[in-house]
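S.K.: Before I ask anything, here is the structure I am working with.
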Amino acid sequence: MTSPTTDPALTAAIDAAASADPRRYVVTGGPSSGKDDLIAAIRTAGVPCMEDEPGREIYRKHRERLGRHLRREDRHAYSLEVLEAFIAEYTGHKHGIRFYNRGIPDGYGWDAFFGLGPTPQLEHASRVYRYDVIFVLDPLDTFEDPDDIVWAKDREIRRVHELIVQGYYDAGYEPVFVAPDSAQARFDFICANLRLPKPGRGVRSG
Amino acid sequence: MPRKGPALDEVVPAVRRLLRRGLPVIPSSASTVLLDLRGVVARAVDPADVTSRATALDGTLRGLLARFPDDRYASAARALFGLPPAAPGQNLTVRRAAAAAEAGHEVHHFRKRVEPKLIEKVTWELLADADRFTRSPLIAPRLAPAPARQPVQPDPFAWEVTEHEEHLCRLWSAIYAARAELLTVERLISLHADRTDILRTAVTAAWRWASARAEAISYTTGFAPPQLEASVSELVAVAGWAPPLTEAQASRLTEAAAGAADREQFVAALHGETDLGNAWTGAFFTHSASRAMTHEQNGQQS
């Protein structure tokens, strides 16, 4: 496996798109989907990309403020604050290509996971702020082997993943699914899908 | 409580019926058996609403077909259900022809030999998806030796899911601890053990039972799905029979257990609560006596 590096052809394509209308691509999926590795690969390749999803820091802040775990009544407040951060990320991008570490409709997955209905703010934002392509990373771990022990946590993580996917369908997207593979191979797949040069091979696809 | 999922032979005809119209799913094209699948109900924004469930079924099928686990026929399966290269609104004959072309088969061969297998495969995937959505806090989490360290991904979903399992483990730990003490009380009564020993164990059982109730409240407040919100008593009941208490008495015990680090602190917190103590411990003897009487009467009748 080659490590992702800056590719001249890809850099040229990104530069060429830099002054054009914004193109927003979401990378999402449940925990254990390899999202962080892919985001790192995208950034290493010099492609504009959100580094951390805003939810992490907001979550830490909420935990610190509450001094305990989030309860149902806290989770709407959390998801609204995350939504605001995602909207700011969205509207802050004016030109060229940018990848997003999760997107606004991930909020549907969060709400559904906790048995909460989506907020009117989320529904409104999902209609107004539209992304161009959604890439869903399917989980790296599979539990198809009947001999595998599936921990409660692992089961729940799979459930989270499916609820995130449903959130994007609910928001009117047709996500592109990215099969489990190395971060490099996944990034190549994504670039091929977007008609961008594949950084892993240095060749132009499509 | 866990519900039995539908069988393959119930879902296959429902998928076949849905196929006539294809995607997108509308409420009238979806059978109840499909709309009741756990994965569909769990995805629905409003599980009580048929339209919402139909939307969830539509998303489930689209996601499933987009990841159809058979490369040879994935494109054919998508076309058959109305996804590209087919188009929404096309009738089944047109979609079938597109699917047969994708699979490289003559259309009649496809309809007779391949299509039933694709329907069955979709059905299996729907049932597997439903199985992933089975949730029952009334079943203790399954444990096994961890072959390696299991780091938690830095992700709010992963943090929440992990904390959920932490609470679930604490809940079940407390329920089993309560069960152990309740069993001990019953065994000592059966052994005609010294009354002082029984009373001491009954107090320990009260502490464990109340601790389990406190954990159940904490769990249901933070993590249980809304439909299980009222299940604190149901959760605690799986520890076994416990003396009947009023809501106020149960709350008082729970409050004392929640604030106590050990049995001694629990007992100290309830110092002077004679009525409550009698209600708890006395019930074991009353219950035991009435059970012995019933047993004796049954013996006389036989």
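S.K.: For peptide B:52-61, how many partner chain Cβ atoms fall within 10 Å of a residue's Cβ, on average?
M.R.: 3
S.K.: If you take the square roots of the eigenvalues of the alpha-carbon gyration tensor of the stretch A:8-193 and sort them as a ≥ b ≥ c, do you get rounded (a/c under 1.5), prolate (a/b over b/c) or oblate?
M.R.: Oblate, because a/c is 1.5 or more while a/b does not exceed b/c.
S.K.: How do B:R53, B:R263, A:R158, A:R60 line up, fewest other C-beta atoms within 10 Å first? Please report the intermediate quantities before stating the final value.
M.R.: Numbers: B:R53 25, B:R263 16, A:R158 22, A:R60 12.
By the 10 Å Cβ count, ascending: A:R60, B:R263, A:R158, B:R53.
S.K.: Could you state the angle between the C-alpha long axis of helix B:247-258 and the longest principal axis of the C-alpha atoms of chain B, as a value from 0 to 90 degrees rounded to the nearest 10?
M.R.: Taking the Cα atoms of chain B, the angle to B:247-258 is about 90 degrees.
S.K.: I've got another one for you. How many Cβ atoms of partner chains, on average, are near each residue of B:165-178 if near means within 10 Å of its Cβ?
M.R.: 1
S.K.: Calculate log10 I(q)/I(0) of chain B for q = 0.07, 0.14 Å⁻¹, where I(q) comes from the Debye formula with a single equal point scatterer on each Cα and nothing for solvent.
M.R.: Log-scaled intensity ratios, in q order: -0.47, -1.02.
S.K.: Within 10 Å of each Cβ of B:140-147, how many other protein chain Cβ atoms are there on average?
M.R.: What the average comes to for B:140-147 is 3.
S.K.: Next question. Using only Cα atoms and rounding to the nearest 10 degrees, what angle (0 to 90) does helix A:152-170 make with the longest principal axis of chain A?
M.R.: So the inclination is approximately 70 degrees.
S.K.: If you don't mind, there's one more thing I want to ask. Sorting A:V165, B:V12 on the 10 Å Cβ count, fewest up front, what's the list? Before the final figure, lay out the partial values.
M.R.: On the way: A:V165 30, B:V12 18.
So the ranking, lowest neighbour count to highest, is B:V12, A:V165.
S.K.: Neighbour counts of other C-beta atoms within 10 Å: give me B:V33, B:V11 arranged from fewest to most.
M.R.: Ranked by crowding around the Cβ, least crowded first: B:V33, B:V11.
S.K.: Jot down the per residue volume, in cubic angstrom and as a whole number, of the convex hull over the alpha-carbon atoms of the protein assembly as shown.
M.R.: Output value, Cα hull per residue: 200 Å³.
S.K.: Between their Cα atoms, which of A:K35/B:K117; A:K35/A:K94; A:K198/B:K121; A:K35/B:K121 are more than 32 Å away from each other?
M.R.: Correct reply: A:K35/B:K117; A:K198/B:K121.
Every read-out reported here was derived from the displayed coordinates using simple, explicitly stated rules and does not represent laboratory data. The structure displayed is predicted, hence computed values, not measured ones. Quick reminder, even Gly has a Cβ in these numbers, built from the backbone with ideal geometry, and neighbours come from all protein chains shown.
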